[in-house]
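**Q** Sending over a structure as C-alpha cells; questions will come in a sec.
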Number of protein chains: 2
Amino acid sequence: MGRLVIRNVSVLVVPEVGECRIDEFQDLHVHDDRITAVAPTGADPEVGLEEDGGGLGEVEVIDGTGLLAVPGLVNSHTHSPMVMMRGAAEDVSIDDWFNQRIWPMEVNLTPERVRVGARLACAEMLLAGVTTFVDHYFHADQIAQAALESGIRADLAPTYFSSTGPEAIEAAIATTRELSTLDPRITASLGPHATYTVTDEDLRRTADVARAEGFRIHLHAAETEEQTRSSVDRLGVTPMEVLDRTGVLEAGALIAHGCGIRESDLPILERHADRIAVASCPKVYLKLAMGSVTPIRGLQSIGVPVGVGTDGAAVHNTLDVWESLRMVALTQKQREQDAEWMTVSDTLRLATRGGAKAAGLTDTIGALEPGRQADIALLDLSGPHCQPLHDPRAALVYSVRASDVVTVLVAGQVVVRDRQLTTLDLDDVLAEARDLAHTLVDLSKGGAVQHYAP
Amino acid sequence: MGRLVIRNVSVLVVPEVGECRIDEFQDLHVHDDRITAVAPTGADPEVGLEEDGGGLGEVEVIDGTGLLAVPGLVNSHTHSPMVMMRGAAEDVSIDDWFNQRIWPMEVNLTPERVRVGARLACAEMLLAGVTTFVDHYFHADQIAQAALESGIRADLAPTYFSSTGPEAIEAAIATTRELSTLDPRITASLGPHATYTVTDEDLRRTADVARAEGFRIHLHAAETEEQTRSSVDRLGVTPMEVLDRTGVLEAGALIAHGCGIRESDLPILERHADRIAVASCPKVYLKLAMGSVTPIRGLQSIGVPVGVGTDGAAVHNTLDVWESLRMVALTQKQREQDAEWMTVSDTLRLATRGGAKAAGLTDTIGALEPGRQADIALLDLSGPHCQPLHDPRAALVYSVRASDVVTVLVAGQVVVRDRQLTTLDLDDVLAEARDLAHTLVDLSKGGAVQHYAP
C-alpha cells in the first residue's frame, strides 16, 4: 500500500488518562498499515519515513482540511449478521425476544445468509467510522470472508451452546484455530454463548484450550441482575464466580454486558484485571428493560477495561458506535446520579482505547500514535447540528451523526472515501440482503436454536 | 403556492389510537398550505381538487418513489437560540450548569445574537424534518423573524422571571400579543420561566391574561423530583399545586419536563387534561443526572397529552427530534421496567399528534390527513443502517438518522429539497453563528440573568 499522508487535519488525541485534546493543523503519516508520524503541517514531510531511507516517492495525499481525525471506533460486542433481523423483534420482553423471535428465527441460518448479513454489517460499520468489530456468532468463517472483502478489522468468536453437543463445540474451537491464522486483520476468540447456556464442564474445556493455545474467550455473562439472582439460586454462585471456578477469567475473557455484576464480584474480577474486559451496550439494556446497566465505575475502580458495543442489530437496530458511546455517557451519568462522571474524554477513551483492549489489541489500535495500525476515521463537523463548535470533543459524544464520517482507513487502506465504500458495491450488498431478508424471519419451520431460561 | 403532488410515496399513518401503519404507493395532494387528499397512486389525479373546480393546471410534482412521508416532527420544548452555546457546558451538575455556565452566559444575549442563533436552529431543525418548534426564550421577536425567514412553524413564548420586575413582564406579554398576529405559521404563548423563578402573584397575572386573551402558558415545572421536594418543603405544595392555585392549569399550559410530577398530582392534572400538555426531553434528564424522567404512563392514564422535545442545545447538543423520540422510547421502557410499553407506534404518535397538542395545534398539524396543514418530511430509508427494512415504523424509532430526511414541506412550501434548504443560505447561517459564537460564552462581564435555587 505504500505511503499516505492525511494533510492539514485536526487530530483527536486520547491519552491513557486525563483529558482528550484536539491538535489542529497536523499531518498524519501512514506507511503500509501503520501510522509513522503525527506532526504539524508543514514540518518536514519526510518525518517518519527516515527509517526506510525513502524520499516521498509515490505518496497518496488526502486533504484533511476542515476534518477531524479520530481513532477508528471499536464495536466491542456484536453479532454482525443479525442485521438481517433488524426491526423484526420490537416491543417484546427479553424472554419473548429470545424464545418467540430470535432463537426461533436462527433456525433459518445458513452460511450464505450469514455472509450476506455480515457483508451488510461491515458496510454499515465502515461507513460509520467503525474500523474494528468484536463478533460472536455462528458460521464465523463466513463473517471472516465478509470482513476480508470489506477491509474491516475483526475479532471473531464462533458461538456454541452445550446443548448442541461436544462435536459442535470442537468444530467451533477448530474454526477459532483456522480464523486465527487467516489474515493480519482477523483475530479469533473462543465463543461459548453464556454461563447459562454452556456447562461448567464445557467452560473448563474452553478455558483449557484458551490457555494452551493463547486464545481469549468472548461470552455473555451476568447480562441482567435477574440472571445473577437466578445463578445464585440455582448454583449458589454468581456468573462471575462461575467464570472464576471454570478458569475462564484466568484464561482471559471479554464479558458482554455484565449489568448483573455485583459489588461482591469485584474482588474476583480484580485478580484477573490484566486479562479481562467488559463490553457495554446500553441501548439494549433500556430497550429490553433489563433493569440495570454495566457498573462501569466499579469496574474501572479495579482496573478492568471497558469497551463500547452495539450488540446485534436485532435489538440495537443499528451498528452505530457513535450512538452507543452517547448512550454510555448518558446512562452512566444517570446510573451514578452524577453529571460530572463519565465525562466526554472518558467516553471517547472507552470507545477507542477501551475498545482496543476489549478486542485484545491493546497496543495495536485505539489511538493515533506512531507504531499503531492506521485505523482512522475523518469526520466533518461543519454540519448545523455540530455548529458553532465550542468543543469538538463534546460534539463527538453528543452531536455527531454517523453520516458525518467522510473517509475511513483500516490498516492504512482507504476503505471509505468521500462517504463511499471503496471495497464493496453497496447497492449489491443491499440488494442481496433485501432478497434474503424474508428467509431469516420465517417462523414456519418451528423449533429454536436454544431456549432462554437463565 | 398552488398545487403540489408527492407522487408514489409510502405514507406513515398515525391513528389517534392503535398501531401506526404504512400505506404504500400513495399520492399526497397539497393545495396551498393544506393536504387535500391522500390516495393510491394512479387514482384520479384531480382528487381533492374538485372543490376548487380546477384541472391539474400548474401542479408541482415531487417524485416520492422509494421515500416515506411522515408528519413533520414537532419539537415540543426548546430554547432555539441556545444552539450558540452548544458544547459549552459539559459534564457539570444541574446547579453548575445554571449558575456557573448558562445563566452567566445569557448576560451576553442581544437581539442580533438571538436571531443568528435562531436562524441556525431553524436550519438544523428543518433539515432534520422538524417542521414545528415550541420555543421559550428571550427576544422572541427575533426568533419569530428567523422562523419566518426559514419557513418553519413555531409557537413562541417570550421568557420572563419575576426578578426582572413588572415592566419586563408586561413587555414579554406585549410581545406575545404582537407575535400572535404576525403570520399564520407563528403562534405565541405566555412564557413565565418556572414555578421557582416566577411568583404566585405573577403566575396569577399570567393566567388572567391567558384566559382573557386566549393565550396558552408555556413554562418549566417540576423539572426534577428535587424541585418538587423543595417546593413542598418551602411552600407546602408541589409545583403542580402551584400551577393549580394560580390558575395556570385552568388557563391552559404546556409544562416542560414534569419529571417531578407525583402520583398525588395526577388528580389535579386530570381536571385540566383538556387544556394542558407535557413535553418530555429525556436526553437532558440523563445528561444532567436529574434522577427521573417524565411519568408518561401516569399522564397518559389521565388523558394528558405528551409531546417530545429537545430542550435547548446548550444541554441537548442537538435539536434532533428523532434522537429525542428514540430516547423517549428507551427511557420509558426503562422507567416502567416494561419492554412492551412505549411501543414504536405510541412513540411515533407522541412525536407527531402529541407534539401537535403540545403546540396548541391539535387539529392543524401532526398527521397526514386531508384538511391538515401540509407539514411533511420525506425520508429515504435505503441506507445500510435501516436495511433490510422489516418494519419501517421500527426504523423510524430505532434506526433512522436526521440525515435520512430528504425533502421537507411546511404549510405546503418546500423548505428542504434534496437535503438543501430552499429558504436560507446555510453557509451564511453557519458563518454568522461561528462569527458570534465566542461572544455568547464570554464570562468576563460577570453577573447572571438569574440564580438557580429551586
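Each reported figure results from applying straightforward, stated rules to the coordinates on display, with no laboratory input. Just so you know, these numbers come straight off a predicted model, no measurement behind them. A quick note on method: Cβ atoms are made from the backbone with ideal geometry, for glycine too, and the neighbour counts reach across all protein chains shown.
**Q** Between helix A:200-213 and chain A, what is the angle of the helix's C-alpha long axis to the longest principal axis, kept within 0 to 90° and rounded to the nearest 10?
**A** 30 degrees
**Q** Now a separate question. Where Lys and Arg each count +1 and Asp and Glu each count -1, what net charge lies around B:Pro305 among other residues with Cβ under 12 Å from its Cβ?
**A** My count for the surroundings of B:Pro305 gives +2.
**Q** Still on this structure: Residues with amide H under 5 Å of A:Ala37's amide H, sequence separation 5 or more or different chain, H placed in the peptide plane at 1.01 Å from N; which?
**A** Amide H to amide H, under 5 Å and 5 or more residues apart or across chains, A:Ala37 pairs with A:His29.
**Q** How charged is the neighbourhood of A:Pro267? Take every other residue with its Cβ under 13 Å from the Cβ of A:Pro267, and add Lys/Arg as +1 and Asp/Glu as -1.
**A** In short, -3.
**Q** Which whole-percent values make up P(r) of segment B:298-383 when all C-alpha to C-alpha distances are grouped in 5 Å steps starting at zero?
**A** Result returned by the calculation: 3, 13, 19, 24, 20, 14, 6, 1.
**Q** Report ³J(HN,Hα) in whole Hz for each residue of segment A:356-369, in order, from the Karplus equation J = 6.51 cos²θ - 1.76 cosθ + 1.60 where θ = phi - 60°; Gly and Pro get x.
**A** 4, 5, 4, 7, x, 10, 3, 9, 9, 10, x, 7, 8, 9
**Q** Classify segment B:73-358 as rounded, prolate or oblate from the Cα gyration tensor: take a ≥ b ≥ c as the square roots of its eigenvalues, call it rounded if a/c is under 1.5, otherwise prolate when a/b beats b/c and oblate if not.
**A** The shape class here is rounded.
**Q** Here's something else I'd like to know. Kindly give the distances from B:Arg419 to its copy-mates, label point to label point, with each label point 7 Å from Cα along Cα→Cβ, as nm values to one decimal ordered shortest first.
**A** Between copies, matching label points for B:Arg419 lie 0.2 nm apart.
**Q** Could you quickly flag the chain A residue whose beta carbon comes closest to the rotation axis taking A to B, and that distance in whole angstrom?
**A** A:Ser403, 2
**Q** What is the angle, in °, between the Cα long axis of helix A:321-336 and the longest principal axis of the Cα atoms in chain A? Nearest 10 is fine, range 0 to 90.
**A** 60 degrees
**Q** Using Cα pairs under 8 angstrom and six or more residues apart, how large is the relative contact order of chain B, in percent?
**A** 23 percent
**Q** Compute the length gained on full extension between A:Leu443 and A:Asp23: take 0.36 nm times their separation in residues and subtract their Cα-Cα distance, giving the result in nm to one decimal.
**A** Stretched out fully, the A:Leu443 to A:Asp23 stretch lengthens by 145.9 nm.
**Q** Can you list the copy-to-copy distances for B:Gly66, using a point 7 angstrom from Cα toward Cβ, in nanometres, shortest first?
**A** With the label placed 7 Å along Cα→Cβ, B:Gly66 yields 2.6 nm.
**Q** Turning to a different aspect of this structure: What is the mean number of Cβ atoms from other protein chains located within 10 Å of the Cβ atom of each residue in peptide A:192-205, rounded to a whole number?
**A** 0
**Q** Now for a different question. Based on the Cβ-Cβ distance of B:Thr65 and A:Arg434, what FRET efficiency does E = 1/(1 + (r/R0)^6) give at R0 = 22 Å, to the nearest 0.05?
**A** 0.85
**Q** Tell me what chain B gives for mean residue ellipticity at 222 nm when only DSSP H runs of n ≥ 4 count, each as -39,500 (n - 2.57), the sum divided by the residue total, rounded to 500 deg cm²/dmol.
**A** -9500 deg cm²/dmol
**Q** What is the sum of charges around B:Leu319, taking Lys and Arg as +1, Asp and Glu as -1, for the other residues whose C-beta is under 12 Å from the C-beta of B:Leu319?
**A** My count for the surroundings of B:Leu319 gives -3.
**Q** For B:Leu235, go 7 angstrom from Cα along the Cα-to-Cβ vector, then report the distances to that same point in the other copies in nm, smallest first.
**A** For B:Leu235, the other copies' label points sit at 5.4 nm, shortest first.
**Q** Still on this structure, I have one more. Per-residue Cβ counts within 10 Å, from other chains only, averaged over B:332-338: what number is that?
**A** 4
**Q** Quick check for the protein assembly as shown: number of Lys pairs with alpha-carbon distance under 25 Å, counting only pairs 8 or more apart or on different chains?
**A** 17
**Q** Measure nothing fancy, just the Cα-based angle from helix A:140-150's long axis to the longest principal axis of chain A, in degrees from 0 to 90, nearest 10.
**A** Tilt relative to chain A: about 20 degrees.
**Q** Follow-up. If you take the beta carbon distance between B:Arg204 and A:Val237 as r and set R0 to 60 Å, what does 1/(1 + (r/R0)^6) give as a FRET efficiency, to the nearest 0.05?
**A** Calculated transfer efficiency: 0.45.
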